[in-house]
């Protein structure tokens, strides 16, 4: 990796993970598990991939990001804060009554949030609308959206996928975060969405399968997506829910629960140790 | 009345979309496989590059419209009222309403005047559903000239608008160049004994009822309440104070629509006056010719006459 190194992105991802735990701990609620699984995506998108300007969040020519799995807002807020869209000091105000940091992304009040989201299945359609607007205007911006693997149970996801391929929206990259867990259990136990890559391929997408917690694979996938013409790209990424905190990894019950003080201290210690190790 | 011109408000919508498309590059129109019926097909023909058909996927259409609006487009998204306000409610609420995006939900085939298609397609709940979304503007024009003006007013307003349109060709009584101001009702006929506050095709019925009542010595004021939200409180309270009784008339369930909105204003004013509602009496529609159904469900002028007499008995 050039310009910004892989190590620097790993540092960013570690900081995002700390922000996720910090925010949800102080909120005494939130969705840390599925936030931790996309920390590498957030680091790569906001530090490397996307053409954005924190000083001008509404810049018309910017690349757009829609967090279709809006409950992973703590990861998005961590990225936006560390990228300079708003002060990092606001992270502990997550979900507080007087805070701009709503439980799910709010484009009206949070600098850098391109679309309000949280009701599953709708974000991908909004991203499709943005990509369509880009095509209509002959603009060269790109649009990115991250879906949960449980989220793709929503029929609207497939309505949006059908439309995106029919309209040849090659400026759209859809990421499916396949951490294999949703609220009520594994995705197979609940109502299996598998095989995911084949489904998106059948809907007309160029499909790339990666390990979504590996920055090199993320870089290669986004680079490949940029070369694809005439069809949207879907990156299906295997990730670990709760990634980075030992007792949270692959645990369904950390989908929508915050830590008590003891758990918080352990999680922060683990993540801080990782950050210090990276910063050498 | 033999020479009355009848035009459906959906036709006026289609024509005005074409004009707006000529005038403004930011106008984008969407439909969900009903372009011939909603009349967005007229825009498709004139501006094919700015028309998008999602196929039969109303929820997807609303969220895509939100994405387009977030990138600066003024989007008109059309379907039948049942599938716009009904099926796509949550997309309208969360993708459009919550971020207050510039999408106009233009819903045709509202009410029982859909006719033969029957109850599954006769939406009498849409005003009630849309009225509960914070910041949603609701327009329900009464005839073709007013519909044209309402479409333009919606396009000029920055934010979500629900525009209710009809399938049935209805009498034209407004001048071609009638103006439209969002949030303002209009006194169509002066009167001193009672006010009929009507919306949509009921305005014409109210005017006919007022003629009948005049012959019987009852002076009836008629208000065209083309904006259901924000409702014109001042006009309602003025009419209540000056005429002392109110009848509302709408092609919608009596629950949740214009009647409810007017009742809320009257009750909270501290100076309520006797009020009765003309509307679909909390029931589903059925198949039949539109004009027969309007009479069957108690929405024609003779029914308004009866309600006026009933409310006067309460004074």
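Laboratory data are not the source of any read-out in this text; all were calculated from the coordinates shown. Just so it is clear, the structure is predicted and the values come from calculations on it, not from any experiment. When we count neighbours, we look across all protein chains shown, and the Cβ atoms used for this are built from the backbone with ideal geometry, even at glycine.
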key: Added length on full extension, which subtracts the Cα-Cα distance from 0.36 nm per residue, residue B:184 to residue B:286   = 33.4 nm
note = Percent antiparallel among DSSP beta bridges confined to chain B, nearest 5, equals 15
request  = For chain B, state what percent of all Cα-Cα pairs lands in each successive 20 Å bin, counting from 0 Å until the bin that includes the largest distance.
outcome  = 36, 56, 8
key: the range B:170-256 shape via C-alpha gyration tensor axes, a/c threshold 1.5   = rounded
request  = Please list the equivalent ellipsoid semi-axes of the range A:1-129, computed as the square roots of five times the alpha-carbon gyration tensor eigenvalues, in descending order and whole angstrom.
outcome  = 20, 18, 14
inquiry  = For A:143, A:236, B:178, B:4, which order do you get if you count the other beta carbons within 10 Å of each Cβ and list the fewest first?
reply    = B:4, B:178, A:236, A:143
task = Enter the angle in degrees (range 0 to 90, nearest 10) between the Cα long axis of helix A:155-166 and the first principal axis of the Cα atoms of chain A, meaning the one along which they spread out most.
result = 50
key: GNM result for chain A, Cα springs below 10 Å: residue of A:149, A:137, A:106 fluctuating most strongly   = A:137
query = Taking the Cβ-Cβ separation of residue A:260 and residue A:189 as r and a Förster radius of 35 Å, what is the calculated FRET efficiency to the nearest 0.05?
reply = 0.80
request  = Show that you can apply the helix-only estimate: for chain A, add -39,500 (n - 2.57) for every DSSP H stretch of four or more residues, divide by all residues, and state [θ] at 222 nm to the nearest 500.
outcome  = -12500 deg cm²/dmol
task = Compute the label zone of residue A:168 within the range A:224-248: residues whose backbone N is under 19 Å from the point 7 Å along Cα-to-Cβ.
result = A:225-234
key: Computed FRET value (nearest 0.05) for residue B:22 with residue B:169, which takes r as the C-beta separation and R₀ as 30 Å   = 0.75
key: Computed Kirkwood radius, in angstrom, where 1/r is averaged over Cα pairs of chain A   = 18.5
query = Hey, what's the Kirkwood Rh for the range A:97-239 if you take every pair of different alpha carbons, in angstrom?
reply = 15.8
message = Just to be sure I understand the model, the point goes 7 Å from the Cα along the line to the Cβ. What's the resulting residue A:273 to residue B:33 distance in nm?
response = 5.7
Peptide B:92-103, shielding by other chains (average Cβ, 10 Å cutoff) = 4
remark   = The relative contact order of chain B, taking Cα pairs under 8 Å that sit 6 or more residues apart, comes to a percentage of 17
ask   = Percent antiparallel among DSSP beta bridges with both residues in the range B:186-314, to the nearest 5?
value = 20
note = Longest principal axis of chain B (C-alpha) makes with the long axis of helix B:9-23 (C-alpha) an angle, in degrees to the nearest 10, of 40
note = If R0 = 30 Å, then residue B:119 and residue B:306, at their Cβ-Cβ distance, give a FRET efficiency to the nearest 0.05 of 0.75
query = So how do A:125, B:63, B:269, B:108 line up by other beta-carbon neighbours within 10 Å, fewest first?
reply = B:269, B:108, A:125, B:63
ask   = Counting each DSSP H run of 4 or more residues in chain B as -39500 (n - 2.57), what helix-only mean residue ellipticity at 222 nm follows after dividing by all residues, to the nearest 500 deg cm²/dmol?
value = -11000 deg cm²/dmol
request  = Could you check the simple spin-label distance between residue A:250 and residue B:234, using points 7 Å along Cα→Cβ, in nm with one decimal?
outcome  = 6.8
remark   = antiparallel share of DSSP beta bridges within the protein assembly as shown, to nearest 5, in %, is 15
query = Spin-label point model (7 Å from Cα, Cβ direction): what's the residue B:315 to residue A:135 distance in nm?
reply = 6.2
message = Just want the ordering: A:278, B:235, from fewest to most Cβ atoms lying within 10 Å of their own Cβ.
response = A:278, B:235
ask   = Counting pairs of alpha carbon atoms under 8 Å apart in space and at least six apart in sequence, what relative contact order in percent does chain A give?
value = 24
request  = Give the Rg (one decimal place) followed by the Dmax (whole number) of the protein assembly as shown, computed from C-alpha coordinates and expressed in Å.
outcome  = 27.3, 95
query = Does anyone have the angle between helix B:258-268 and the longest principal axis of chain B? Alpha-carbon axes, 0 to 90°, nearest 10?
reply = 60
